[in-house]
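Nothing in this text is a laboratory measurement; each read-out follows from the coordinates by a stated rule. Worth saying up front: this structure is predicted, and the values here are computed from it rather than measured. No Cβ is skipped: glycine too gets one built from the backbone with ideal geometry, and neighbour counts run over all protein chains shown.
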């Protein structure tokens, strides 16, 4: 076996030993599942968009009223599909949270020798996390969708794209949402659920400290990773107590039963 292959094997082993790590095959499968569901949701938005209203918005061409015109067109569609988005995000948050919880409990039993004093998965914790987090997330996703569409319509009017051109621009924006945006949301939200479960179970299990493990790190995450082993309640330099520190963050936390320096 070559040195490079040995290093890859070691890294894979280390990744697998970190509970709640988004880079493991099991948790990447969770991420891809959410990505697929979000892609379908954005395609449904594209199909339901009231393209017949574009002519009225375009012909009025009043800059001051553009935002309200655009929102007036998309708000009913977002409202109609809100229940679908709630179900997608709630279900995923619960699955990811329970997955990380099981990994933490297994780590405590097999690696750290921590006696587990409770039985079964913490379903109520998972449901409470999903309910609280999803409400804010759905609002944020819808607000960003409206902002993007208003910008596309504004640029189309300014560029005199006409109704056919504006229609193509909107369809392209929805296409981007169903690929790049769906992937970004899936990774970020999967990591958030995994990290929240890591923190909740760590407190219950008496884990003393943690460290920020970087994967393809940015400047923000490199700084967090350089802080080493820190107390469990420590807030890292980025202002976060756990990943994700930014959209698309694929870092993880590693637990430790020893006291931090």
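If the condition is being within 14 Å of the chain's Cα centre (by Cα) and either loosely packed, with under 14 Cβ neighbours inside 10 Å or not in a helix (DSSP H, G or I) (or both), then the range 140-153 contributes only 140. Restricting attention to the range 37-50, the residues being in a helix (DSSP H, G or I) and surrounded by 15 or more Cβ atoms within 10 Å (Cβ to Cβ) number 9.
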